[in-house]
Structure formats: C-alpha cells, structure tokens
Amino acid sequence: MADNARAKRLADLIREVVAQKLQRGIKDPRLGTHVTITDTRVTGDLREATVFYTVYGDDEERQAAAAGLESAKGILRSEVGRAAGVKFTPTLTFVMDALPDTARTIEDLLDKARQSDAEVRQTATGATYAGGADPYKKPASTDETDDSTE
C-alpha cells in the first residue's frame, strides 16, 4: 500500500493532466469550457482514481458532459499514464461534484431563516410582557415573615 503523500501527489497530477487535456486536447463539443475539474481522489493502492467535476449549465448540458467524459475516459487515462510514469495507471471514474448544489441549498435555507427572523422581529416590535416586566416570583421579605409568626 502506498503512503498518503504519494497518493496525494498522484491525485494532484491526475487533476492537472485531466484538466489540461479537457481544455486543449479533446475535441468533443460536449466537453466545452463549462466543465471544471474540482477534485481528484486516489485509493490507497493507487489503482482507482475518482475525478470530481462540475458543469455550469442546465441538466441537459450536465448529461452531455457526463457522456463526453465517459467516451474520453480511455484517452484521458492514457495521458495520465504517460505523465505519471507509474507501473499501473489508475482507472478513472468521473463523478458529478455535488458541492454547488449543496451550497445553493444552504443559501436557500439561510434566506428562509433570515425571512423568518425578520417576521419575528417585526411581530415583536411594540409587544409587552404578558405577566409584567419581571415574570419571576420573588421571595417574601423578612418583615412579612416576622409579623406572621407572632
């Protein structure tokens, strides 16, 4: 099993080689300038690499980019093997990165929370306490307890 530093270096190399090849070497119109390689992870035995990518566009462009990456997988793997110089070139698996969708969902939830806070703040303006300003009971004073015991 390879050490983590070697796997990290290989992952970085794969990310760079795949991104450069997509930008300059592949003539597939499905893989235009809207495909971005975001991350690459390599297993500990250096046999498999997962390449994460994002596509800026609608669902149709995402599906077309996924099909284009699958068809270019062999070319990209051979280019990685040429650049890496390892005994076994890792197999490439392309996975759509869910980070932009997750970030968009979190932003939508934060906007809803801000709107809810604004509604609560608007409702609370001019409101008064139901039981008075100090809702807690206070202990009886010592003067009252002395009078009642006599």
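The values are calculated or read from the model by the stated rules, or taken from the named source; none is laboratory data. Keep in mind that what you see is a predicted model, and the values were worked out from it rather than measured. Reconstructed Cβ throughout: ideal geometry from the backbone, glycine too, with neighbour counts over all protein chains shown. Quick note on the areas: whole protein, heavy atoms, side chains included, nothing else; ligands and nucleic acids left out. Shrake-Rupley method; radii C 1.70, N 1.55, O 1.52, S 1.80 Å.
What shape does the range 39-78 take by its C-alpha gyration tensor, where a ≥ b ≥ c are the square roots of the eigenvalues and a/c under 1.5 counts as rounded, a/b above b/c as prolate, and the rest as oblate? Oblate, since a/c reaches 1.5 and b/c is not below a/b. Counting each DSSP H run of 4 or more residues in the chain as -39500 (n - 2.57), what helix-only mean residue ellipticity at 222 nm follows after dividing by all residues, to the nearest 500 deg cm²/dmol? Estimated from H runs of four or more residues: -16500 deg cm²/dmol.
If R0 is taken as 25 Å, the Cβ-Cβ distance between residue 39 and residue 111 corresponds to a FRET efficiency of 0.40. Relative to the current alpha-carbon distance between residue 82 and residue 9, full extension at 0.36 nm per residue lengthens the span by 24.7 nm. Counting only protein heavy atoms and a 1.4 Å probe, the range 1-141 has 70 square angstrom of accessible area per residue. All C-alpha pair distances within the range 1-82, sorted into 10 Å bins from zero, spread as 18, 50, 25, 7, 0 percent across the bins.
Rounded to the nearest Hz, the phi-derived 3J(HN,Hα) couplings of the range 42-47 under the Karplus curve 6.51 cos²θ - 1.76 cosθ + 1.60 (θ = phi - 60°) are 10, 5, x, 8, 6, 9, where x marks glycine and proline. Once the Cα-Cα distance is subtracted from the 0.36 nm per residue extended length, the residue 136 to residue 24 segment shows a gain of 33.0 nm.
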